[in-house]
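Take a look at the structure below.
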Amino acid sequence: MRRYKSKYEDQVYTNAKEQKLSSVFVGYTRSKTDSWVAQMTDMLYPADDKNYGILPTPVPELDKELEQDPDLQGDAAALAKAEKDEAVAIANAMETQIDDQLLECDFATEGRWMLHYSGVLGTGIIRAPEVQVKSEAKWAPVEHTQSGEWAAQIGYKQIPVARCVMPWDFVPDMSATNLDDAEFVFERSYVNKKSLRSMLNDESKEKTNIVKLLKQEPKSTHAHTGDVLGYVNQLRMMTGLQPTYKESRYEMWVYHGPIPHMVLVEAGLLEPDELSDVMEMDGVVHFAGDGTVVSVNLNPFDTEDWPYSVYCCEPDVSCIFGYGIPHLCKDSQDILNTAWRSMLDNGVTTVGDQIVVNKSVLQPADGNWEFSPRKVWQTTDSTKNMATFEAQKAFGVFSFQSRQQEFANVISMAKSFMDEESGLPMISQGEQGQVTPTLGGMSMLMNAANAVRRRQVKEFDDAVTKPLISRFYAWNMQFNPRPEIKGDMNVVARGTSALLVKEMQTAQIIEMFDRFSGHPNLAPAFDWYKGVESLVKSMSLGVQTMLKPKSEYDQVIKQQQEQAQNQPQDPTIVKAQMDLELQQLKHQQSMELERLKSEMDMQVEQLKMQGNVQTQEQRNQEIIMKYELELAKLTQQKEIKLYELSQQDKWNTEKLVTELRKLRSQQELDMNKFVSELKLKQMPVSNPTSNYGLE
């Protein structure tokens, strides 16, 4: 924490002051730590998205029934679809419920604080779901009055919330290597009188003992531990504040772990039996620092999960706690500080020359030994008898060597080592360097620089996101009274979906739209609404404000399809479609003509060698007749379309005749043009080299 705060220990400042040396601290560690926290926060808690999802559990039994009895294909398929739709609706309702609960308790803020402590101290802890009693006011008119007054009716409800736990207040079983292996967990907190009074509204708390604590001084509940001053007070002293955080707060503890059966019997939670002396059950105990018990309860979860999730920036395989960014680059930070302080001290030493004066032969005329411009110096009496006195020898000027370049090299190397040790190269902080000036190159380089971040995000999904959302799901399944949200579901963590650079992600989505949106076979395989939603997210434009809801979008598409079926087609659109079909057919015929021409050229060469030119002319006539038949067929189809339009839209005879004349004139023009080009291409060439570049 001192390295993050850019502070030395007090003894360092004392020694520097006594020796008149510099005591500056380079805040490079803080920059690295804040950069790591910002990157992780942007990936795990995006402003326009969430890092989890809830999906219904697959039901493979229906697939087995289909394989065993093919006659039930239709009924089973309909049943499977109905069950799947119902499961998806329930999963969406559960996801919406959890979203509302997380939004109400400001989960994103608590998660960001957890990432902050994980980056600074190495370990971040979040507690969720924690049941909190919340008061809510409902306004209603006062009964039996004629004045029309309204009064607030205060009610209380229990809601699940998430809360960041300070690492210095979290005391797990230190013999364990991870939280799942821990036998127990203690958590300390400091509450004021207002928070302690609010516990009286919680039915699970012992009100008599709470009243007893309220009558005591807060200091009487402070446990006599090694942390007498308190970590928060130490931080306050670093910033120059008074260490008064604990004076007006009660010290409270929460214990999660095994509780002897006899204790639970005395608390009235269980009935005594023969195994009471040897059995233990998982429970929760709230007590003050002086030992006053506030509540004793069994673990509220049927799964007996603890409401804690721990994430380490750099995990330690031998301990629950990990290492933060300041610890990873502590040696480089110390080298950087030493080099910078030495550089400043050397600069002060070499800023001016050292001057030695022989007072026995010189003295200032004004009696002041300080140097100043145009100063007058006088020789002493001892120099009168010296015939060869030289005034230059009365002064000696000495200069110390400047080591600024050497110290600058050490500083540069220390910063380079910090980039490597922290896993945060400057390219990931926005510094481009002298290569890859293009957008694509920079995106690829940024993705490569985020390789370490991918691993850390995956670790966060495994350690925090999935267990935490699973506990919220279990809490709602067990305590939420709404039946429409309950079902068998799976929690999916998707923090890695935000790891690609957004510019590259946007380009890839647009390319997918261009390639597959019009493909007849692949287009139905995509959910294009989800694609547009992902595109808007990658552009950071705001999905909630930019896109319509999916239900409203489906309704608009359905209305457009119904209108297209009920309304007659616009003649202009039909004509444009037929023109497009004509152009496509012409293109196909042109390609076929090129193929036939190649074959014809080969045959002409063969016939020339055989002297049979008449056969080639017959071949040309066959090609022309084939083209005429194709063109006539297309023209006939277009005429039929025009007649249909005349019947639907009641064209007059003059307009129909005009359109037919235009069509037939265009047919004759296309045919003449084709025959002319065919004859021109078959003419013998006297000088073949003159045609280079024209074919």
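Nothing in this text is a laboratory measurement; each read-out follows from the coordinates by a stated rule. Owing to the predicted nature of the structure, the values given are computational and were not obtained by experimental measurement. A quick note on method: Cβ atoms are made from the backbone with ideal geometry, for glycine too, and the neighbour counts reach across all protein chains shown.
Could you work out how far apart the two model spin labels at Val133 and Phe400 are, taking each label as a point 7 Å from the Cα in the direction of the beta carbon, and quote it in nm?
For Val133 paired with Phe400, the spin-label model returns 6.9 nm.
So how strong a dipole does segment 84-230 carry about its Cα centre when Lys and Arg Cβ are +1 and Asp and Glu Cβ are -1, to the nearest 20 debye?
Working: 16 positive and 23 negative charges, 178 e Å.
Approximately 860 debye in magnitude.
Taking the Cβ of each residue in Trp306, Trp139 as the centre, tally the other Cβ atoms inside 10 Å and list the residues starting with the fewest.
So the ranking, lowest neighbour count to highest, is Trp139, Trp306.
Sort 116-126, 548-558, 197-207, 155-165 by the packing proxy (mean of other Cβ within 10 Å over each peptide's residues), most packed first. Please list the in-between numbers first.
Details: 116-126: 24.7, 548-558: 10.8, 197-207: 15.3, 155-165: 17.0.
Ranking the peptides 116-126, 548-558, 197-207, 155-165 by packing returns 116-126, 155-165, 197-207, 548-558.
So which of Lys157/Lys550; Lys466/Lys550; Lys5/Lys246 end up more than 31 Å apart by C-alpha?
Beyond 31 Å: Lys157/Lys550.
Per the Kirkwood formula on distinct C-alpha pairs, the Rh of segment 237-385 is how many angstrom?
Across segment 237-385, the inverse of the average 1/r is 24.7 Å.
Relative to a virtual label point 7 Å from the Cα of Ser189 in the Cα→beta-carbon direction, which members of segment 93-131 show backbone nitrogen distances below 16 Å?
Counting only backbone N, you get 105-107, 110-111, 114, 125-131.
Relative to the present Cα-Cα distance, how much length would full extension add between Ser360 and Asp100 at 0.36 nm per residue of separation?
Here the answer is 84.6 nm.
Determine the gain in length on full extension of the stretch Arg197-Val348; use 0.36 nm per residue of separation and subtract their C-alpha separation, reporting nm with one decimal.
Additional length available on full extension: 48.3 nm.
Based only on the alpha carbon positions, what is the Kirkwood hydrodynamic radius of segment 500-567, in angstrom? Could the numbers behind the result be given before it?
Values: mean 1/r = 0.0737 Å⁻¹.
This gives a value of 13.6 Å.
I need the calculated FRET efficiency for the pair Glu420 and Thr177, taking r as the beta carbon distance and R₀ as 45 Å, to the nearest 0.05. Numbers along the way, then the final one.
Details: r = 27 Å, r/R0 = 0.61.
Between Glu420 and Thr177 the formula returns 0.95.
How much length is gained on full extension from Asn92 to Gln158, taking 0.36 nm per residue of separation minus their Cα-Cα distance?
21.5 nm
Measuring from label point to label point, each 7 Å out along Cα→Cβ, what is the Glu217 to Asp302 span in nm?
Calculated label separation equals 5.0 nm.
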